[in-house]
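Below is a structure I'd like to ask you about.
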Amino acid sequence: MTLIKSISGIRGTIGGPASEGLTPVDIVKFTYAYCKQLRIRRPKAAQERYKVVVGRDARLSGEMVEQLVCGTLVSCGIDVVRCGLASTPTTELAVRFAGADGGIILTASHNPRQWNALKLLNEQGEFLTAAEGQAILDCAEEGNFDFADVDSLGHIEDHDFTDEHIDAVLALEAVDVEAVRKAGFKVVVDAVNSVGGIIMPRLLERLGVQCIRLNCDPTGDFAHNPEPLPKNLKDLCDTVVAHGADLGVSVDPDVDRLAFICENGDPFVEEYTLVSVADYLLERAEAAGVKDIATVSNLSSSRALRDVTERHGGTYYAAAVGEVNVTTKMHEVGALIGGEGNGGVIYPASHCGRDAMVGVALFLSNLAHKKMKVSELKKTYPAYFIAKNRIDLSDKALIDKILGKMKEHFAGERINDIDGVKIDFEKTRSWVHLRRSNTEPIIRIYSEAPTEQQAQELAEQVIAIARSIIA
């Protein structure tokens, strides 16, 4: 059994002894700590009520976790707006729609069916800061629980925000609903039998798109590995070709990550989800004469976003890995668009959270304007390949030694050390990012170059240097 505690929430496998898996004891402790810190973070008069939104994906454990979380909130005197089955971005937006003080999302994202998690939101529907998350972790370990009396219990209100989310997406100025309708697209959606099967087809139908559903029954019994990577999407690729569809759409169980399949069955590659959407928005901004355009992605994301941004006269910024780090940087620089190379699109005009619905609507708008096939669109972007490797170590103490020596070894290159060590090689248009694991004595190594072979060779070069350091 596994239980991982981090500043963004707790995540674990269902069952087992308390503190070793995600058990009812851990869920209650953590939810209580969230309530206690909520009162500290947002003090109110004694007669004022607190309100928290709760939404979940379709995992088999979702209903059980939801009952525990909602029951704990009520026992702490917090009113609950229960969204039921809802995507992560729907729950994030619901916090604002409901005028709530915060939110809790019950999802383990792309993790397998035995996992679940509690992810914590502030009053803007955005993830808590590192300091706020740490305060909750500390509070959960303290114990000293003190619950509300019978006259101070909270209340539960059920509300489905799916259509309000769709309305908000269609109302975005950059989403050209009329152009998409006129294009007459046919799209296959693979929602891995989770909540994407509820919202994504409804969004596409509102856009006038013919939608072919694949694994769209929200049973939580995932039809394949739920991470939207090419190796897990063979059925989607085959279905796109068999139906002569214009596009294949894959989302993870909570619908914050998005990957596309070209009309010929080839992967668009999830790194290019953000790149393609950013290109569309940057092109619009440049045509409108907007100055100081900024984009943001994390250090492990493709250089292609930087290239496309600079092509349109904008400025690219890198953030540490983690959605909250990306959104923090986006707020800081006033970014037009940002996200992560794992298929996460963050568009502040909607809200500062990864949203596959926004990503699809913007992508289809771009495709309708460009009037080209998806495979043709992909060829208009810089071609890069990412290799993913790791170094397993005997002692976590070796990590800092290796990272420090890497900075010395590559001192003549462009180095960013806000999250591990990233080394940019401008002459070869390549980079390598070494990043520590939070839970194991491992250094993860991501490398990117114009060819797959170059990316792997770069990784092997760095691994050889690392091994020589600890030899």
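The numbers here are math on the coordinates, done by the rules we state, and not lab data. All values reported here derive from a predicted model rather than from experimental measurement. Every residue, glycine as well, gets a Cβ built from its backbone with ideal geometry; the counts of neighbours run over all protein chains shown.
With viscosity set to 1.567 mPa s and temperature to 4 °C, compute the Stokes-Einstein D of the chain, Rh being the Kirkwood radius across alpha carbon pairs; µm²/s, no decimals. Spell out each step's value before the answer.
Working: Rh = 23.1 Å.
Answer from the Stokes-Einstein relation: 56 µm²/s.
If pairing requires two Cys Cβ atoms under 4.7 Å apart, which cysteines of the chain are left without a partner?
Cys70, Cys83, Cys139, Cys211, Cys216, Cys237, Cys262, Cys352
Cut-off is 10 Å between beta-carbons; in what order do Lys427, Lys231, Lys186 appear when sorted fewest neighbours first?
Working: Lys427 6, Lys231 9, Lys186 16.
Listed from fewest to most nearby Cβ atoms, that is Lys427, Lys231, Lys186.
May I ask for log10 I(q)/I(0) of the range 183-293 at q = 0.15, 0.18, 0.20 Å⁻¹, from a Debye sum over the Cα atoms as equal point scatterers with solvent left out?
Those come out to -0.64, -0.86, -1.01, one per q.
Report for the chain the percent antiparallel among DSSP-assigned beta bridges with both residues inside it, nearest 5. Could you put the intermediate results ahead of the total?
On the way: 45 of 79 bridges.
In the chain, approximately 55 percent of DSSP beta bridges are antiparallel ones.
Once both labels are modelled 7 Å past Cα along the beta-carbon direction, what's the Asn438-Glu460 spacing in nm?
A separation of 3.3 nm, rounded to one decimal place.
Compute the signed sum of charges (Lys and Arg +1, Asp and Glu -1) over the other residues within less than 15 Å, Cβ to Cβ, of Leu367. Numbers along the way, then the final one.
Working: positive: Arg181, Lys182, Lys186, Arg284, Lys370, Lys371, Lys373, Lys378, Lys379; negative: Asp176, Glu178, Asp246, Glu263, Asp279, Glu283, Glu376.
Net charge around Leu367: +2.
Still on this structure: Please sort 7-17, 245-255, 385-395 by packing, taking for each peptide the average over its residues of neighbouring beta carbons within 10 angstrom, highest first.
Working: 7-17: 18.5, 245-255: 28.5, 385-395: 15.3.
The most tightly packed comes first, giving 245-255, 7-17, 385-395.
Using Cα pairs under 8 angstrom and six or more residues apart, how large is the relative contact order of the range 385-470, in percent?
Values: 139 pairs, mean separation 30.9, N = 86.
Once divided by the residue count of the range 385-470, the mean separation gives 36 percent.
Let me have the relative contact order for the range 199-335, percent, based on Cα pairs under 8 Å that are six or more residues apart.
On the way: 165 pairs, mean separation 19.4, N = 137.
Once divided by the residue count of the range 199-335, the mean separation gives 14 percent.
As a check on your grasp of the helix formula, calculate [θ] at 222 nm for the chain: sum -39500 (n - 2.57) over DSSP H runs of n ≥ 4, divide by the residue count, round to the nearest 500. Mind showing how you got there, number by number?
Values: 15 runs with 179 residues, N = 471.
It lands at -12000 deg cm²/dmol.
Quick one: order Phe127, Phe145 by neighbouring beta-carbon count within 10 Å, fewest to most. Write out the running numbers ahead of the final one.
On the way: Phe127 26, Phe145 13.
Sorted ascending by nearby Cβ count, the order is Phe145, Phe127.
Given C-alpha coordinates of the range 252-378, what is the ratio Rg to Rh with the Kirkwood estimate of Rh? The partial results should precede the final answer.
Numbers: Rg = 13.4 Å, Rh = 14.3 Å.
Rounded to two decimals, Rg over Rh is 0.94.
Let me ask something else. In percent, how large is the relative contact order of the chain, given Cα pairs closer than 8 Å and 6 or more residues apart?
Details: 1039 pairs, mean separation 53.1, N = 471.
Across the chain, relative contact order equals 11 percent.
Would you mind telling me the antiparallel percentage of the DSSP bridges in the range 271-378, rounded to 5? Each step should come with its number before you reach the end.
Details: 4 of 12 bridges.
That works out to approximately 35 percent antiparallel.
On to the next question. Please report the net charge: other residues with Cβ closer than 14 Å to the Cβ of Thr13, K and R +1, D and E -1.
Summing Lys and Arg as +1 and Asp and Glu as -1 gives +2.
Of His110, His369, His312, how do they rank once you tally other Cβ atoms within 10 Å and put the fewest first? Mind dumping the intermediate values first?
Values: His110 22, His369 15, His312 19.
The order, fewest Cβ neighbours first, is His369, His312, His110.
Next question. What residues have an amide H closer than 5 Å to that of Ala319, excluding those fewer than 5 places away on the same chain, when H is modeled at 1.01 Å from N in the peptide plane?
Those lying under 5 Å, H to H, from Ala319 are Ser297, Asn298, Leu299.
Rounded to the nearest 5, what is the percent of antiparallel bridges among the DSSP beta bridges in the range 3-162? Display every interim value, and only then the final one.
Details: 14 of 31 bridges.
The answer is about 45 percent antiparallel.
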